[in-house]
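What follows is a short report on a single structure.
Throughout, read-outs are computed from the coordinates displayed, never taken from laboratory work. Since we're looking at a predicted model, the values are computed, not measured. Here the Cβ is made from the backbone with ideal geometry for all residues, glycine too, and neighbour counts use every protein chain on show.
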Amino acid sequence: MHIKDFAGKTAFVTGGASGIGLGIAKVLVERGARVVIADLRADHIENALAQFAGGTGSNAVSALQLDVTSRDAYAEAAAKMQADFGGIDILVNNAGVGLEGPILKATYADYDFGFGVNIGGVINGFVSFLPQMIAHGRGGHIVSTASLAAEVVMPPHLAIYAASKAAVCHYCEAVKPELAEQGIGVSILLPGPIKSNIHQAIQNRPEHLRAGSGFAESEQKLSERVVGDTWMEPEEVGEMVARGILENSTYIVTHGIFKDWQRARSQAVLDATPDVENSAVRGI
């Protein structure tokens with residue numbers, strides 16, 4: 001069944017202990033949902049839970065440590081959600097890394113890290129939780145965080161990031177009609193500049209993907225980035241996401257700053273597309 005309100009619903013939010021994920025968690029709790037915050041960083045989890053402590057929704061929030069690239073850990077998390085709540089109703093695939101660096105120095109370690117988290121983590125969420133969301137028959141909703149970087153032509157140092165986020169978009173667009181038949185909505189969050197910790201990629205990279213990386217210097221520089229005062233507050237994004245869930249919006253877009261670039265990219269593809277059907281490919 002399509003979600004009409006959040007009262008009594010259980011939401012599982014990855015990357016939920018800071019930034020956009022925490023903003024979404026706060027809004028969902030305010031609207032009556034139970035929220036399970038899943039995050040790689042124990043320090044972020046501790047800080048997030050402290051922000052709920054003593055509030056009216058404190059009993060509605062719990063947390064667990066999760067590396068979204070670990071399929072075994074994800075399976076354990078899904079089993080726990082089934083045992084504790086009879087399965088979840090809302091999955092927010094929000095965990096991501098803001099990977100960037102000189103593409104000519106990129107190694108497999110960099111590709112595996114960027115794609116492993118940004119698209120692999122999303123796929124792991126779908127595979128781990130879809131069975132229980134279908135089985136319990138309550139319907140539900142899945143939100144996956146991409147980026148406006150997925151919808152424009154980005155500079156080379158952001159190629160891995162943009163490509164991994166574009167994969168999130170195309171996957172979610174494709175599966176939406178079939179999941180709708182199961183009463184499960186699908187939304188893609190396309191954020192612009194948000195006050196978050198996505199620039200802390202160097203602190204979240206696992207040890208086995210550090211050796212041989214060509215992005216060490218770039219990631220160190222990125223980690224020192226100062227979040228802009230004018231960037232959007234995470235709770236504002238959370239409100240947009242809550243509204244998008246209720247409306248089953250395919251796209252939840254936070255900013256219009258790239259609109260001309262989005263239009264230019266789409267127009268370039270259209271300009272390159274023949275107006276007359278090519279007989280050689282009619283069988284497609």
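Annotations
- Footprinting exposure proxy ranking of Asp72, Asp43, fewest other C-beta atoms within 10 angstrom first, gives Asp72, Asp43.
- Relative packing of 240-247, 162-169, 8-15, 105-112, which averages over residues the other C-beta atoms within 10 Å, highest first: 8-15, 162-169, 240-247, 105-112
- On the beta carbon distance between Leu104 and Val153, with R0 = 30 Å, the FRET formula returns roughly 0.95.
- Sorting Thr56, Thr145, Thr250 by the number of Cβ atoms found within 10 Å of their own Cβ, with the fewest placed first, yields Thr56, Thr250, Thr145.
- Couplings for the range 243-259, taken from phi via the Karplus curve 6.51 cos²θ - 1.76 cosθ + 1.60 with θ = phi - 60°, read 5, x, 5, 5, 9, 6, 6, 5, 10, 10, 10, 8, 9, x, 5, 9, 4 Hz in order; Gly and Pro are left as x.
- The range 1-71: C-alpha gyration tensor shape, a/c 1.5 cut-off, then a/b vs b/c: oblate
- Dimensions in Å of the chain - Rg and Dmax from alpha carbons: 19.1, 68
- Dipole-positive endmost among Pro155, Ser144, Phe126 within the range 10-257 (Cβ charges, Cα centre): Phe126
- Residue order for His157, His136, fewest other beta carbons within 10 angstrom first, comes to His136, His157.
- Residue separation of Ala211 and Ala50 scaled by 0.36 nm, minus their Cα-Cα distance, works out to 54.5 nm of gained length.
- Counting only DSSP H runs of at least 4 residues, each contributing -39500 (n - 2.57), and dividing by the residue count of the chain, the helix-based mean residue ellipticity at 222 nm comes to -14000 deg cm²/dmol.
- Each part reduced to its alpha carbon centroid, the range 171-188 and the range 5-81 end up 23 Å apart.
- Backbone phi angles across the range 107-122, fed through the Karplus curve with coefficients 6.51, -1.76 and 1.60 (θ = phi - 60°), yield HN-Hα couplings of 10, 4, 4, 6, 5, 5, 5, x, 6, x, 7, 5, 10, x, x, 5 Hz in residue order; Gly and Pro are listed as x.
- Couplings for the range 231-239, taken from phi via the Karplus curve 6.51 cos²θ - 1.76 cosθ + 1.60 with θ = phi - 60°, read 5, 5, 6, x, 5, 5, 4, x, 5 Hz in order; Gly and Pro are left as x.
- In this structure, Tyr251 and Asp5 have a Cβ-Cβ separation that, at R0 = 22 Å, corresponds to a calculated FRET efficiency of about 0.50.
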